[in-house]
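Below is one structure, written out as structure tokens; the observations come after it.
Only the coordinates and a few stated rules stand behind these numbers; no lab work does. Note that this is a predicted model, so its numbers are computed, not measured. Note: ideal-geometry Cβ built from the backbone for every residue, glycine included; neighbour counts use all protein chains shown.
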Amino acid sequence: MEYVYSNKSNTIIGSKRGRNYRKRKATKMFQNILLLVMIFITISIFFNVNLGKDQLTTKTMMVSSGTTLWNIANNVCDKNEDLNIQNVILHIKKLNNLQDSMIYEGQELLVYNY
């Protein structure tokens, strides 16, 4: 270990690996941890890592005359009581890139299999 000497009193003032060294080491460790977290987040975004959630499959359905998103969501919710009709409608709209709730006869829609 290297020491810092005082020229005036010829005594040891401290070591070169003192407080500043510990601060730099702690800062470097924090930076490394932060870097690892950022890498993990980036990998999970780019590779669409599924963090413990089941992957939902989709089915295609043909819209018939008089069918609305509410009817479709209501049918889905009848099969699964844990679902909310409004959330299912939002999922259908997002899955099919719909800007509004207008659907047309003969249109094919993707719907999640819940």
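For the reader, a short list of remarks on this structure follows.
- Number of residues in the range 91-114 that are loosely packed, with under 14 Cβ neighbours inside 10 Å, more than 15 Å from residue 57 (Cβ to Cβ) and not hydroxyl-bearing (Ser, Thr, Tyr) equals 8.
- Scanning the range 92-112 for residues that are polar (S, T, N, Q) and over 22 Å from the mean Cα position of the chain (by Cα) yields 99, 101, 107.
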